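Can you keep this structure in mind? I'll have questions shortly.
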Amino acid sequence: MRQFRVHRIDSLKQGATGFLLVGGVVLVMITSVLMIMFAMGGVFRGTYSRDPLSGKITDAGTLNFVPITFVFFTLGIVMILGAVLYGLFVSATERSGPRRSHPVKVLAKYAFNREGNMLVSAWEIEGCGNPRFYVRLDFGAEMGTLECECSEQVFNQCGEGMTGMADLQGKWVGSFVPTIGSQFRSEYIADDALPPRGR
């Protein structure tokens, strides 16, 4: 079994986006139930405490808590919208930015079809119409690994286990030039490279 460490900033962004989305959904669900309960309880309490002469409600009961729950309900909606809009922004701008060359190691290569299913075998990729090609690159101890999209030509140039120079713009690999006999310090550590226990 092999282990690798994902890109720190990329992992943090994904975690924060997921937390906002899930937290917003949970907050909306809880506050929706609370608002219904407080509103119903307040209506019953108001009807029970109504002044028989003037018909005025003297005690709204739990109806007073509805504005507070509505504030948290709105906060949940804002969290959901923020996570969705940030995801759309990242998706739209992940190919933008300055072009830079990095020494990398190709850990894996795969493609996705229109349904979002991962394709690994060559015959699956060849038989698929308009797949999206991806490579997972190891940038070393400082940056960790990152999943990047590329064209079919670059995908065919990348071989699993190869080291070389990758030209990146955001998360788009514009080119990959393999090198031979180069030393690459990687976070991709094989178990057999670890020292045995007890030493």
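The values are calculated or read from the model by the stated rules, or taken from the named source; none is laboratory data. Nothing here was measured: the structure is a model prediction, and the numbers come from that model. Using ideal geometry, Cβ is built from the backbone for each residue, glycine included, and neighbour counts are taken over all protein chains shown. Heavy atoms of the whole protein, side chains included, go into the accessibility calculation; ligands, DNA and RNA do not. Shrake-Rupley method; radii C 1.70, N 1.55, O 1.52, S 1.80 Å.
Answer yes or no: is there a residue in region 150-170 that is at pLDDT below 85 and either out of contact with any helix residue (DSSP H, G or I) (no Cβ under 8 Å at 6 or more places or on another chain) or open to solvent by less than 80 Å² (accessible area, probe 1.4 Å) (or both). Outline the logic, then answer.
Restricting attention to region 150-170, the residues satisfying the condition of being at pLDDT below 85 are 170.
Now narrow it down to the ones that are either out of contact with any helix residue (DSSP H, G or I) (no Cβ under 8 Å at 6 or more places or on another chain) or open to solvent by less than 80 Å² (accessible area, probe 1.4 Å) (or both): 170.
Checked region 150-170: at least one residue is at pLDDT below 85 and either out of contact with any helix residue (DSSP H, G or I) (no Cβ under 8 Å at 6 or more places or on another chain) or open to solvent by less than 80 Å² (accessible area, probe 1.4 Å) (or both).
Report every pair of residues separated by at least 6 positions or lying on different chains whose Cβ atoms are under 8 Å apart, first residue within region 132-147 and closer than 21 Å to E115 by Cβ, second part of a loop (DSSP other than H, G, I, E, B) and small (G, A, S).
As it stands, the answer is F133/S151, since those pairs meet every condition given.
Related question: Out of L137, L85, L107, which single residue is more than 16 Å from E149 (Cβ to Cβ) and within 22 Å of the chain's Cα centre (by Cα)? Let's see the steps before the verdict.
Details: L137 fails: more than 16 Å from E149 (Cβ to Cβ); L107 fails: more than 16 Å from E149 (Cβ to Cβ).
From the options L137, L85, L107, the qualifying one is L85.
Please go through region 57-100 and give me each residue that is surrounded by 13 or more Cβ atoms within 10 Å (Cβ to Cβ), within 24 Å of Q169 (Cβ to Cβ) and out of contact with any Phe, Trp or Tyr (no Cβ under 8 Å at 6 or more places or on another chain), ordered by number.
Once the filter is applied, which keeps residues that are surrounded by 13 or more Cβ atoms within 10 Å (Cβ to Cβ), within 24 Å of Q169 (Cβ to Cβ) and out of contact with any Phe, Trp or Tyr (no Cβ under 8 Å at 6 or more places or on another chain), region 57-100 yields Y86, G87, V90.
Take the residues in region 124-140 that are closer than 22 Å to G170 by Cβ and of a type outside the set (F, W, Y), then tell me which one is surrounded by the fewest Cβ atoms within 10 Å (Cβ to Cβ). Even if it seems obvious, please write down each step before you answer.
Filtering region 124-140 for residues closer than 22 Å to G170 by Cβ gives 130-140.
The next check asks that each one be of a type outside the set (F, W, Y); those that pass are 130-132, 135-138, 140.
Working: N130: 6, P131: 20, R132: 16, V135: 26, R136: 20, L137: 28, D138: 24, G140: 16.
So, considering only residues that are closer than 22 Å to G170 by Cβ and of a type outside the set (F, W, Y), the one surrounded by the fewest Cβ atoms within 10 Å (Cβ to Cβ) is N130.
Show the residue pairs meeting these rules: Cβ distance below 6 Å; 6+ apart or different chains; first residue within region 1-29 and under 13 Å from L85 (Cα atoms); second residue modelled with pLDDT under 95 and surrounded by fewer than 16 Cβ atoms within 10 Å (Cβ to Cβ).
Going by the 6 Å Cβ cut-off, the qualifying pairs are T17/Y86; L20/G82.
Further, regarding this structure: List the pairs whose first member sits in region 67-92 and is at pLDDT below 90, whose second member is surrounded by 10 or more Cβ atoms within 10 Å (Cβ to Cβ) and part of a helix (DSSP H, G or I), and whose Cβ atoms are under 9 Å apart, counting only residues at least 6 apart or on separate chains?
Short answer, once both residue conditions are applied: Y86/K13; Y86/A16; Y86/T17; Y86/L20; G87/T17; G87/L21; V90/K13; V90/T17.
Can you tell me which residues in region 54-66 are modelled with pLDDT under 75 and not charged (D, E, K, R)? Before the answer, list the steps.
The first filter runs over region 54-66 and keeps only residues modelled with pLDDT under 75, leaving 54-61.
Passing the criteria: S54, G55, I57, T58, A60, G61.
Tell me which residues, restricted to region 7-53, are of a type outside the set (A, V, I, L, M), modelled with pLDDT under 90 and open to solvent by less than 80 Å² (accessible area, probe 1.4 Å).
Going through region 7-53, the residues of a type outside the set (A, V, I, L, M) turn out to be 7-8, 10-11, 13-15, 17-19, 23-24, 31-32, 38, 41-42, 44-52.
Subset that is modelled with pLDDT under 90: 7-8, 10-11, 13-15, 17-18, 38, 41-42, 44-52.
Of everything in region 7-53, those that are of a type outside the set (A, V, I, L, M), modelled with pLDDT under 90 and open to solvent by less than 80 Å² (accessible area, probe 1.4 Å) turn out to be H7, D10, S11, G15, T17, G18, F38, G41, G42, G46, S49, D51.
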